[in-house]
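Asks: Below are the structure tokens for one structure; questions will follow.
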Amino acid sequence: MATQRIAIIGGGPGGLMLARLLQRQGKCPVVLERDRHAEERPQGGSLDMHSETGQYAMERAGLREAFMAAARPEDQGDRLYNAEGELLFDRNEPTDDRPEIDRSVLRQILLNSLTPGTVLWGRRINRITHGKGGFVVGGDGWSEQFDAVVGADGAWSYVRPLLSDAVPLYEGVTLFELGFDVSRHPRVSKLTGNGKMLAVGDNRALITQRNGDGHIRGYAGVRLAESSAKEWASWSGENVRQALRDVFAGWAPELRDVIETGDFIGVRPLYALPIGHSWKNQTGLTLLGDAAHLMSPFSGEGVNLALADAVELADALTSTDDRSSVSQYERTICARATVAAEGAAQGLRSVFSFTGVEHVLEHYRARVHA
């Protein structure tokens, strides 16, 4: 018999997509989200949605029209600079079929599609135990019983340790996140162009990406020991900016504008699960998205894989033999994620190397001629 009451731990795009798809098939999922409301934390920057994964999931969810109304096909461009500020690659092709959408906008489309009350906000979980015929999920002052539990709770998943001993490992690179208002930062806007700008030097990189509503998100990426990354995270924004001035000393002035003028948002050390991560199937318990296959953002696959996972898991949970189907789902997503994770790791190593700009330029040129 197919599973009935399902707890989805985590209200990111993957978890919300799963809830949407299950509701369309007559199920009663409950999304348990630790945040007290949708705007409690920044949701990150712009996402490029791939046709075979992210866009396909929106189609399956009946949300293609809403997605296309909010997406920005005009912002698919790529620019590459070296540390001297020389523009090496500049391409903007709106027909590439990887339209951009802000993560916050995508999340709101998914939230709006759910039956009111599906997401229970402020539910920080501190226990998941086996109960009669299922699982008891609880936190301070509350508990509920479910037939199945899905961990869609990201990098530091509470659910993952119930299935796997794997833990995310530091990738050796930390991103420092910055925000820009286009009206106040016209030089950064000009540098960015239509889409994303990447400037690469010796084990360092600057990234800017156009978002919706006149905003740009920026990142300064540095190879840094994990202990140093944790130390920098305790500093004030101005102290971090001063450290970045030293790291990027000698770069072209127009590139250094990125660290000089942006509003400091936060320190983002990059972590990843071991490539090829998998787990032994357990009845009524599984993972999707970063909880299953966390990787660096240098493959552009993260949210797309999470949405694709949701499509396949919804089908598995509503099949007549859901245990066998979920086991097959797990094999499928782990195999797919292994390929993407290898690409992400290679992308990170290529950018943050002594010859990073040559590697990136070769990659961009190859993608044009693919």
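Asks: Quick test for you: out of V267, V339, V240, pick the one residue that is over 19 Å from the mean Cα position of the chain (by Cα), at pLDDT 95 or above and either assigned by TED's automatic domain parsing to the domain that holds G15 or among the aliphatic types (A, V, I, L, M) (or both).
Replies: Exactly one residue qualifies, and that residue is V240.
Asks: Is it the case that some residue within the range 350-363 is of a type in the set (D, E, K, R), modelled with pLDDT under 95 and surrounded by 16 or more Cβ atoms within 10 Å (Cβ to Cβ)?
Replies: No, the conditions are met nowhere in the range 350-363.
Asks: Follow-up. Are there any pairs, at least 6 apart or on different chains, whose C-beta atoms fall under 8 Å, with the first in the range 67-88 and farther than 20 Å from R187 by Cα and the second polar (S, T, N, Q) and in a helix (DSSP H, G or I), and if so, which?
Replies: Once the first residue is farther than 20 Å from R187 by Cα and sits in the range 67-88, its partners that are polar (S, T, N, Q) and in a helix (DSSP H, G or I) give F67/Q55; P73/T95.
Asks: If I filter the range 181-192 for residues that are in the same structural domain as G133 (by TED's automatic domain parsing) and part of a helix (DSSP H, G or I), do I get at least one hit?
Replies: no
Asks: Got a sec? Which of S278, S325 is of a type in the set (S, T, N, Q), more than 21 Å from M17 (Cβ to Cβ), touching an Asp or Glu at 6+ places or on another chain (Cβ under 9 Å) and surrounded by fewer than 23 Cβ atoms within 10 Å (Cβ to Cβ)?
Replies: Matching residue, one of S278, S325: S278.
Residue-by-condition table, conditions (1) of a type in the set (V, I, T); (2) modelled with pLDDT under 95; (3) within 30 Å of S228 (Cα to Cα):
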{"site": "P73", "(1), (2), (3)": "no, yes, no"}
{"site": "Q108", "(1), (2), (3)": "no, no, no"}
{"site": "W121", "(1), (2), (3)": "no, no, no"}
{"site": "G141", "(1), (2), (3)": "no, yes, no"}
{"site": "F146", "(1), (2), (3)": "no, no, no"}
{"site": "S157", "(1), (2), (3)": "no, no, yes"}
{"site": "L175", "(1), (2), (3)": "no, no, yes"}
{"site": "G179", "(1), (2), (3)": "no, no, yes"}
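Asks: Sticking with this one: For G218, indicate whether it is surrounded by fewer than 22 Cβ atoms within 10 Å (Cβ to Cβ), in a strand (DSSP E or B) and assigned by TED's automatic domain parsing to the domain that holds E362.
Replies: no
Asks: Sticking with this one: Looking at this structure, is R107 on the phi < 0 side of the Ramachandran plot and in contact with a strand residue (DSSP E or B) (Cβ under 8 Å, 6 or more places away or on another chain)?
Replies: Considered against the rule, which asks whether it is on the phi < 0 side of the Ramachandran plot and in contact with a strand residue (DSSP E or B) (Cβ under 8 Å, 6 or more places away or on another chain), R107 comes out as no.
Asks: Separate question: Got a sec? Which of E52, E84, E39, E74 is out of contact with any strand residue (DSSP E or B) (no Cβ under 8 Å at 6 or more places or on another chain), closer than 23 Å to G193 by Cβ and in a loop (DSSP other than H, G, I, E, B)?
Replies: E84
Asks: Further question on the same structure: For the subset of the range 307-331 comprising residues that are assigned to a helix (DSSP H, G or I), among the hydroxyl-bearing types (S, T, Y) and farther than 27 Å from L106 by Cα, which member is farthest from the chain's Cα centre (by Cα)?
Replies: S324
Asks: Checking G154 against (1) of a type outside the set (S, T, N, Q); (2) on the phi < 0 side of the Ramachandran plot; (3) touching a helix residue (DSSP H, G or I) at 6+ places or on another chain (Cβ under 9 Å); (4) not in a strand (DSSP E or B), only one condition comes out false. Which one?
Replies: Looking at each condition in turn, G154 falls short on (2).
Asks: With respect to L273, is the statement that it is crowded, with 21+ Cβ neighbours inside 10 Å and either within 23 Å of R41 (Cα to Cα) or touching a Phe, Trp or Tyr at 6+ places or on another chain (Cβ under 6 Å) (or both) true?
Replies: Here the answer is no, as L273 does not meet what is asked.
The values are calculated or read from the model by the stated rules, or taken from the named source; none is laboratory data. If you're wondering where the values come from, they're calculated on a predicted model, not measured in any experiment. Reconstructed Cβ throughout: ideal geometry from the backbone, glycine too, with neighbour counts over all protein chains shown.
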